Amino acid sequence: MANTWAIAQRELKAYFGSPIAYVVTALFLVIAGFFFWLSVVNTREATLRYVLGTLGVVFLFLSPALSMRLLAEEQRTGTIELLLTNPVRDAELVLGKYLASLLMLLAMLAPTLYYPFLLSLYGRPDQGPLLSGYLGIFLLGAAFLAVGLLASSLTQNQIVAAVLTFGVLLVVWLSDAISNFARGPVGDVFRYLSAASHFSDFPRGVISSTDVVYFVSVIVGCLFATVVSLQTRRWR
Amino acid sequence: MSASLDRARPFVALAGVAALVAAAGLFLIEQEFTLPVRVLAAAGVLLVGIYVAFDPEDVFRRLTGQRVLYGGNAVLTIAAVAGILALVNVLASRVSQRWDLTASGQFTLSERTLQLLERLEQPVRVVGFFENEDPSRGRAEDLLKEYRVRSSGKLEYEFVDPEIAPSVARQLEVRDFGTLVFLQADRKQTVTGVSEQEFTTALLKLARPERKKVYFLQGHGERSLEEAGPDGYTEIKRLLEQDNYEVKTTSLVTELRVPADAAAFIIAGPTRDFLAEEKQALRDYLAGGGKLVLLQDPRVAANLDELFTQWGVSVGRDPVIDPGSAFLGDPATVVIQRYGLHRITESLRAASFFPLAAAITLPRERAEGVQVVALAQSTDRSWIETDPETARFDEGKDTRGPAALAAVIEASATAAVPPPGGAQASAPRATRVVIFGDSDFIANNFLRVPAGNADLFLNAVNWLAESEELLSIRPKERDTRQLFLTAAQVNLVLVTSAIFLPLVVLAAGAAVWWSRR
């Protein structure tokens, strides 16, 4: 447990020590802020329903950038050998890196709390959907980062990791549309895989257990696969 | 073995595997062994076969090497975990729980609707025809999504833009935007408003093999259902039949009793007074849980007030003049833009108008077990005009508004009369009365004006006819929370959100970078 936290801290120090983190976050806030303003102007509704959906798409592009360096860099420079020697277990390394990326996600989302604050200044937003909306976007981001972590563990090249992540996320996000081309049970599987359709209920104010299970499954599955991937590294 | 052939071998293997994977993929998509699938599969097998044939020993060594065993083990472990997760997801989607966090319970469906959706015997398809920018499209989609999830997919929906695909609209006889058509087997039910009340009513009607009957009373100068002229009711009759009701007429003088199979009983614009026996028949009907619609104009001899005095309701003799909401400048035709909160009016978007309507007096206090709701009211600037010659407010004679022009009475039935159809008398039935102070508003020539008149009346009839089934549906107030900002504040939002906030973050980054130098 202590190892996990140590790994996470190390990662976070590296992340917040570099200017990249701030540039990416600032960029994210510019885009998000712009869409927030658009939704205020166009709908005059005290809600984040419309903004959160677009944030999901923005994450699609940004999270590969966040997750790509998590493991790929270590594998390239060889520092991963040091990490993988006892007493750090593979699982602790993976969890530590993942925890760090989750905290990065929270750090990126935190400034957006400014939007509901503005909404409450000029209107009476419904609290429930705000809560469920943030839960949803957090789960979505967490799932994306888990995919990114897995991709990062498969290669030594950060760029390859990022591109791989982006490709997978794109397919998962658009899985809904792809399902139109597949018939029968395969089409149903594709439709279920769509992250967008599992996310869409949260900003409306509805929390569905199926959606939560979906995101948690993706996270658990990817983290497990990452651990296996690191183990195979030993003899690769 | 020549060197070049040697180098080509891995590619042969790769090509063979790729062909097999492509074949498998195509098969999954097409779900059958089409020609391309067969060709690819054959090519794949052939190529892999060639690869193996060139040096079988080498292939064997490769397949059983240490790396492959470890790798295979890894793949199997991951496949097992993936399988477990997939199973968990399948289970989760079967026993899904949903929590509605909205303050107004927008996404919570009533017990009755949930029951209906669970027990759907045949699949239902809903087609919605909306303009893209119409906000009710979003509301309809929200509602339909809940319906779909709760029906475990037995109810499916789609939206069609009638401008892009007019043939679909024509095929389903859809004429206006904002209409939805519910289809089950070979039956169809058209819905013009977005609310749980209307959607579930449509489902109820689809599930019911026979149509419910609606009776219009005759014998006191009421509106004629056969009269196609401007004052007639042929159009509203047609709309009722289109809404899957059977429309019949009856007379209390010959029948002495309201028909037992009446889902709703309508008295439309009586001008002559009623016989004592007729009033008694009506009193019995109401006491036994009757569903009555009364459309009574001002300044007529007909007087049914004695039926409603028990609830403190009476219909006035004099018309309401409302300069605050006049139809095309005529203050005697009152336009109703805001309705009272009730299931009948909850989905109404269009305004309606009443040409020369009487005021309905409502009780001052609430009585136990009785609910009286004003569906439509005139504005503060209105008054009840007692002078037939002039339309001017006379202090002392005329009463100031606002006045109710349409009202609903809900009470529990006082007599234990068995429900129609000979079914067992269950829990106490409810008596429901809808009173309109005017019968013109749904006459043929006024229905020609695009307004909410027809929908208001049809919703009332639907509410009465289905009321025993749909008790549990609460009307939901439209909960759009508005933002109130000046133009300057809007700019403030833009500047602080999209410029200031990111700059703060960048400044933090700069501070960190500076301290590292």
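Along each principal axis, taking the top coordinate minus the bottom one, the Cα set of chain A gives 58, 48, 30 Å in descending order. The modelled label-to-label distance for the pair B:Phe33/B:Leu14, using points 7 Å beyond Cα in the direction of Cβ, is 3.1 nm.
The base-10 log of I(q)/I(0) for chain B, evaluated at q = 0.11 Å⁻¹, reads -1.03 [Debye formula, identical scatterers on Cα atoms, solvent excluded]. Taken one residue at a time, the phi angles of the stretch B:36-48 give Karplus couplings (6.51, -1.76, 1.60, θ = phi - 60°) of x, 4, 5, 4, 5, 4, 4, 4, x, 4, 4, 5, 5 Hz. Gly and Pro are set to x.
Amide H contacts under 5 Å for B:Tyr157: B:Val126, restricted to partners 5 or more places along the chain or on a different chain, H placed in the peptide plane at 1.01 Å from N.
Computed from phi, the 3J(HN,Hα) profile of the stretch B:19-24 under the Karplus parametrisation 6.51, -1.76, 1.60 (θ = phi - 60°) reads 5, 5, 4, 4, 4, 4 Hz, with x in place of Gly and Pro. The share of alpha-carbon pairs in the stretch B:106-148 lying farther apart than 17 Å comes to 40%.
Computed from the alpha carbon positions, the gyration tensor of the stretch B:85-172 leads to an equivalent ellipsoid with semi-axes of 27, 17, 14 Å, biggest first. The amide H of B:Ser467, built 1.01 Å from its N in the peptide plane, has no neighbour under 5 Å, considering only residues 5 or more places off or on other chains. Annotation: for a label point projected 7 angstrom from Cα along Cα→Cβ of A:Asn42, no residues of the stretch A:114-142 have a backbone N closer than 15 Å. In terms of its C-alpha gyration tensor, the protein assembly as shown has a prolate overall shape, because the principal axis ratio a/c (a ≥ b ≥ c, square roots of the eigenvalues) is not below 1.5 and a/b outweighs b/c. Quotient of the Cα radius of gyration of the stretch B:28-124 and 2.2 N^0.38 Å, N being its number of residues: 2.04. Summarising the label geometry, the points placed 7 Å from Cα in the beta-carbon direction at B:Val59 and B:Ala487 lie 7.8 nm from one another. Near the amide H of B:Thr249, within less than 5 Å, lie the amide hydrogens of B:Phe216, all on another chain or at least 5 residues away, with H placed in the peptide plane.
Run the numbers for B:Asp261 and B:Ala367: contour at 0.36 nm per residue of separation, minus the present Cα-Cα distance, in nm.
Details: separation 106, 0.36 × 106 = 38.16 nm, distance 2.99 nm.
Residue separation times 0.36 nm, minus the Cα-Cα distance, leaves 35.2 nm.
Across peptide A:208-218, the average count of Cβ atoms from other chains found within 10 Å of a residue's Cβ is 5. In plain terms, if you count all Cα to Cα distances in the stretch B:229-320 and split them into 10 Å steps from zero, the share in each step is 14, 45, 34, 7 percent. Binning all Cα-Cα separations of the stretch B:335-412 at 5 Å, short to long from zero, yields these whole-percent fractions: 3, 13, 22, 22, 17, 12, 7, 3, 0.
Can you tell me how the stretch A:64-190 classifies by the Cα gyration tensor, rounded, prolate or oblate, using a/c under 1.5 as the rounded cut? Because a/c hits 1.5 or more and a/b fails to exceed b/c, the stretch A:64-190 counts as oblate. Only aspartates and glutamates eight or more places from A:Lys13 in sequence, or on another chain, were considered; those with a Cα closer than 17 Å are A:Glu73, A:Glu74.
Principal axis analysis of the Cα atoms in the stretch A:174-236 yields extents of 46, 31, 16 Å, listed in decreasing size. Whole-Hz Karplus values for the stretch B:51-63 come out as 4, 5, 5, 5, 7, x, 4, 4, 4, 4, 4, 4, 5 Hz, taken residue by residue from phi with 6.51 cos²θ - 1.76 cosθ + 1.60 and θ = phi - 60°; glycine and proline positions read x.
Annotation: aspartates and glutamates with alpha-carbon distance below 13 angstrom to B:Lys476 (same-chain offsets under eight excluded): B:Glu196, B:Glu198, B:Glu346.
Does the stretch B:428-508 come out rounded, prolate or oblate, given a ≥ b ≥ c as the square roots of the eigenvalues of its C-alpha gyration tensor, rounded meaning a/c under 1.5 and, failing that, prolate meaning a/b above b/c? The shape class here is prolate.
None of the figures in this text is laboratory data; all of them are computed from the coordinates on show. Owing to the predicted nature of the structure, the values given are computational and were not obtained by experimental measurement. Cβ coordinates were reconstructed from backbone atoms using ideal geometry, including for glycine residues, and neighbour counts include every protein chain displayed.
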